[in-house]
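Visitor: Please see the structure below; I have some questions.
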Amino acid sequence: MLRYSIIGAAVVALFVVLLAIGDNYLLRLATTVAMYVALASAWNIVGGFTGYPSFATAAFFGLGAYACGVAQTYGVPLILAWILAGAVTALFASGLGLAILHLRGHYFAIGSLVVADVLREITNSWTSLTGGGMGMNLPLIGGSTGSQAQFYLLAMVALAGLSLLAAVLIDNSKLGVALRCIEQNEDAAQVIGVDTRRAKVAAFTVSSLLVGVAGGIYASWVSYIDPIDVYDVSLSVKPIIMALLGGVGTIAGPVLGAFGFLALEELIWRNSLEFHAGILGLFVVVLVVFLPGGLRSLQGRNIWQLATAAFTKRWA
Amino acid sequence: MLLLQVLTNGLALGGLYACIAVGFSLVWGVLNVINILHGSMIVLGGYLAFFAHQYFGINPFLFAPFAGAVLFVIGFAIQRLAINPVMGRPVLITLVLTFGINLFFDNAMLAAFNADYRKVIIDPPLGVFEIGSVLLPVDRLYATLLGLALVGALWLLLRGTQLGRAIVAVRMDRDAAALMGIDVRLTYAVAFALGAFMAGAAGALLSGIFPISPVSSGSYLGKAFVICVLGGLGSIPGVVAGGFALGVIESFGALAFGPEHALTISFGLLLVLLILRPQGLLGVKGFN
């Protein structure tokens, strides 16, 4: 618990300093990192605790974004629209979970991966509601650029905190134990009396709720969404990379991974506009091949030792 | 008559679709890896055929085995360097890894070829068969027959050669195969390279009919998903059935809902199938 408190205190301090400085670039970075923390922690509930390789984050994110956008065009007030975004996404995810969570391994991965594509095409075709491929403009909240940026940072940090809280609460609850059992051996979990179906759907729903709200806040923050942007497959993969980076299945891992990933992303974007996706791809390969336990496997060893160890293991 | 034409359109793509998916199915079945890279390999095969046609005037249909050979080498190298270290790890790891390689690959192709759609213009045009009032473009017929021929060749290779039996054996039980003296690592690499070969060849065949662009890799990958789930994993006849089924379904789906919904229909179908019959229509254990 001490470690969480220290990390929490550090994040809050950072956040207060940021609000005080109010530099727009830093505010944008901070909002993004808060969003990443929320997405990675939410993914971790399904992908880490339960061990189900979900690639549905983009689907939930996009659905949340559009639910918020549509609600706002019908005059629903901002914060209510975010809650609605979460509710719509959670409802969708519970149905989806009932349908696909009996699949395991590769089939579940593919099933969850194509959901975003289906939703994107539906969004694209339902022009009357969503504006189709033209995208959708969301109403601005008014006020100066700086105060808007601060407002969205506040919202995103609150969501990140909520995601962490959800992760900690689940981890320390009966549900958390059930999820860990499923992760280790689902058949055995069933035998000892865990209602695996209920536990999995619950985890999937909570996770999607957080992602849906993140999509909603993102939509109002950028004030323009289009299907290609909010259902992008990279939204499904980035949280996984963050969790892998920091340590899958832990509470702090996704948080550290989110910070690490953002730093890396900024670095790559800054140095190579043309080839940033390619460099990110190479980074993923290096991460997965050489640091299977994330940054934590670096403890006490330097990168060179790890690389040589990985090579000798491979060629031996 | 319209329905007959629509059916013909669908069937005329079936063999090509089987060729698109068979490499993906082989890699999934034998290595237990979902190869996100598959779509990009198809696109690269298409570009190789495009350039071979542009600079040397080689017919893309005839070029297919050569495009496949180039991809075989690339695939072998990728498996040895990047995928071999994570063999046996959970799907999350292997899928994220191939996704990463795919990001790199896609970006490299975008930088090298840019996103414009390009089309091989076969001169003189191959024309159209008329059977009664049903029209069948000759280029599609060639592509689908050649696609089927390549799939058939792979089937023969897996059935009748020592290499093929080794691949099937590793797929069934890798430990037992190792005990029988099979080099499992080499077999994995060759199976992955064969998957890449089929992708490259399929890309060359595609380039004879459709325009190519790096941005279409995702849709080829999606087709491979659907065909594998439709036909079931682990059998080449299943892939062929899945390929023809997808061709016909897409064709009728386009008639009923408009061609822009082809992907939605096939992915919707994929989800329904996964829910109801995850082993596919003809799924079996082992790889035959």
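Visitor: Given points 7 Å out from each Cα along the Cα-Cβ axis, report the residue A:24 to residue A:79 separation in nanometres with one decimal.
Guide: Modelled inter-label distance: 2.7 nm.
Visitor: Can you give me the three principal axis dimensions of chain B from its C-alpha atoms, in Å, biggest first?
Guide: 59, 46, 34
Visitor: Could you check which residue among B:75, B:253, B:127 shows the biggest mean-square fluctuation in a GNM of chain B with a 10 Å Cα cutoff?
Guide: B:127
Visitor: May I pose another question? What's the magnitude of the charge dipole for the protein assembly as shown around its Cα centre, counting Lys and Arg as +1 and Asp and Glu as -1 at the beta-carbon? Answer in Debye, nearest 20.
Guide: About 1380 debye.
Visitor: Pop out a list of residues from region A:118-133 that are at least 50 Å² less accessible with all the protein chains around than in their chain alone; 1.4 Å probe, no ligands or nucleic acids counted.
Guide: A:118, A:121
Visitor: In debye to the nearest 20, how big a dipole does region B:60-176 give about its Cα centre with +1 on each Lys and Arg Cβ and -1 on each Asp and Glu Cβ?
Guide: Charge dipole of region B:60-176: 420 debye, to the nearest 20.
Visitor: Measuring from label point to label point, each 7 Å out along Cα→Cβ, what is the residue A:223 to residue B:163 span in nm?
Guide: Going by the 7 Å Cα→Cβ label model, 6.1 nm.
Visitor: Just the number please: accessible area per residue for region A:2-308, 1.4 Å probe, all protein chains included, in Å².
Guide: 42 Å²
Visitor: Where the only charges are on Cβ atoms (+1 Lys, Arg; -1 Asp, Glu), what is the dipole of region A:2-308 about its Cα centre, to the nearest 20 debye?
Guide: Dipole about the Cα centre, nearest 20: 600 debye.
Visitor: A follow-up question, please. Please work out the Cα center distance from region A:1-78 to region B:69-98, rounded to the nearest Å.
Guide: 32 Å
Visitor: Just grab the label-to-label distance for residue B:219 and residue B:116, each label 7 Å out from Cα along the Cβ direction, in nm (one decimal).
Guide: According to this spin-label approximation, the distance is 1.9 nm.
Visitor: Could you check how much of the accessible area of the protein assembly as shown is carbon and sulfur, as a whole percent, using a 1.4 Å probe?
Guide: Taking all protein chains in place, the protein assembly as shown shows 69 percent carbon and sulfur surface.
Visitor: Turning to a different aspect of this structure: Counting residues in region B:58-102 as N, plug N into 2.2 N^0.38 Å and put the Cα Rg over that result.
Guide: 1.51
Visitor: As a test question: what accessible area, to the nearest 10 Å², does residue B:53 have when a 1.4 Å probe is rolled over all protein chains in place?
Guide: So the heavy atoms of residue B:53 present about 50 Å² to solvent.
Visitor: Would you be so kind as to identify all helices of chain A, as entire DSSP H runs, whose Cα atoms reach 27 Å or more along the helix's own axis and whose mean Kyte-Doolittle hydropathy is at least 0.5?
Guide: Helices meeting the span and hydropathy rule in chain A are A:2-21, A:24-44, A:78-100, A:105-125, A:145-171, A:196-222, A:252-271.
Visitor: Mind telling me which of B:254, B:21, B:204 comes out most flexible in a GNM of chain B, alpha-carbon contacts under 10 Å?
Guide: B:254
Visitor: Over region B:1-110, with the other protein chains present, what is the accessible area per residue in square angstrom, probe 1.4 angstrom?
Guide: In whole numbers, region B:1-110 has 31 Å² accessible per residue.
Visitor: For chain A, modelled as a GNM with alpha-carbon contacts under 10 angstrom, which of A:47, A:249, A:260 fluctuates the most?
Guide: In the Gaussian network model the winner is A:260.
Visitor: Stokes-Einstein at 4 °C, 1.567 mPa s, Kirkwood radius from Cα pairs: D for the protein assembly as shown in µm² s⁻¹?
Guide: Rounded, D is 51 µm²/s.
Visitor: Moving to a separate point now. Over the Cα atoms of region B:28-155, what is the Rg over Rh ratio if Rh follows Kirkwood?
Guide: Taking Rh as the inverse mean 1/r over Cα pairs, Rg/Rh reads 1.05.
Visitor: Separate question: Would you work out which of A:231, A:21, A:72 lies farthest towards the positive end of the dipole of chain A? Charges go on Cβ: Lys and Arg +1, Asp and Glu -1.
Guide: A:21
Visitor: Using the charge dipole of region B:10-214 (Lys, Arg: +1 at Cβ; Asp, Glu: -1 at Cβ; taken about the Cα centre), state which of B:19, B:62, B:120 has its Cα farthest towards the positive end.
Guide: B:19
Visitor: Something else: Specify the inter-centroid distance of region B:248-270 and region A:218-246, based on alpha-carbon positions, in whole Å.
Guide: Using only Cα atoms, the two centres lie 27 Å from each other.
Visitor: Averaged across the residues of B:266-272, what count of C-beta atoms belonging to other chains lies within 10 Å of each residue's C-beta?
Guide: 5
Visitor: Normalized C-alpha radius of gyration of chain A, against 2.2 N^0.38 Å?
Guide: 1.00
Visitor: Be a star and scan region A:95-132 for residues whose amide nitrogen sits under 17 Å from the point 7 Å along the Cα-to-Cβ vector of residue A:190.
Guide: Answer for region A:95-132: A:98-108.
Visitor: Separate question: Against the longest alpha carbon principal axis of chain B, how many degrees, from 0 to 90 and to the nearest 10, is the axis of helix B:162-172 turned?
Guide: With rounding to tens, the tilt is 80 degrees.
Visitor: In percent, what relative contact order does region B:1-103 have, based on Cα pairs under 8 Å that are 6 or more apart in sequence?
Guide: Over region B:1-103, the number comes to 30 percent.
Visitor: Still on this model: How high is the FRET efficiency from residue A:16 to residue A:168, r the C-beta distance, R0 30 Å, rounded to 0.05?
Guide: Calculated value: 0.85.
Visitor: A follow-up question, please. State, in square angstrom and to the nearest 100, the accessible area buried between chains B and A, both chains counted, probe radius 1.4 Å.
Guide: 3600 Å²
Visitor: Stokes-Einstein diffusion coefficient for region A:103-189 at 10 °C in a medium of 1.306 mPa s, Rh from the Kirkwood formula over Cα pairs: what value in µm²/s?
Guide: 91 µm²/s
Visitor: Which whole-number percent is the relative contact order of chain A (Cα, under 8 Å, 6+ apart)?
Guide: Across chain A, relative contact order equals 30 percent.
Visitor: Tell me the accessible surface of residue B:28 in square angstrom (1.4 angstrom probe, heavy atoms of protein chains only), to the nearest ten.
Guide: 10 Å²
Visitor: In addition: So for each of A:20-29, A:226-235, B:86-95 I average, over its residues, the number of other beta carbons within 10 Å; can you give me the resulting order with the highest mean first?
Guide: Put in order of decreasing packing, that is A:226-235, B:86-95, A:20-29.
Visitor: Next question, about the same structure. Suppose a student asked you for the relative contact order of chain B, using Cα pairs under 8 Å spaced at least 6 residues apart; what percent would you report?
Guide: Relative contact order for chain B comes out at 38 percent.
Visitor: Sorted by packing (mean other beta-carbon atoms within 10 Å per residue), highest first, where do B:56-66, A:143-153 land?
Guide: So the order, starting with the most tightly packed, is B:56-66, A:143-153.
Visitor: Sticking with this structure for a sec: With a Förster radius of 51 Å, plug the Cβ-Cβ distance of residue B:145 and residue A:271 into 1/(1 + (r/R0)^6) and report the FRET value to the nearest 0.05.
Guide: E between residue B:145 and residue A:271, to the nearest 0.05, is 0.55.
The values are calculated or read from the model by the stated rules, or taken from the named source; none is laboratory data. Note that the structure is a prediction, hence the values are computed from the model and not measured. Note that each Cβ is placed from the backbone with ideal geometry, even for glycine, and that neighbours are counted across all protein chains shown. When the accessible area is computed, the model is the full protein with side chains, heavy atoms only, and any ligands, DNA or RNA have been set aside. Shrake-Rupley method; radii C 1.70, N 1.55, O 1.52, S 1.80 Å.
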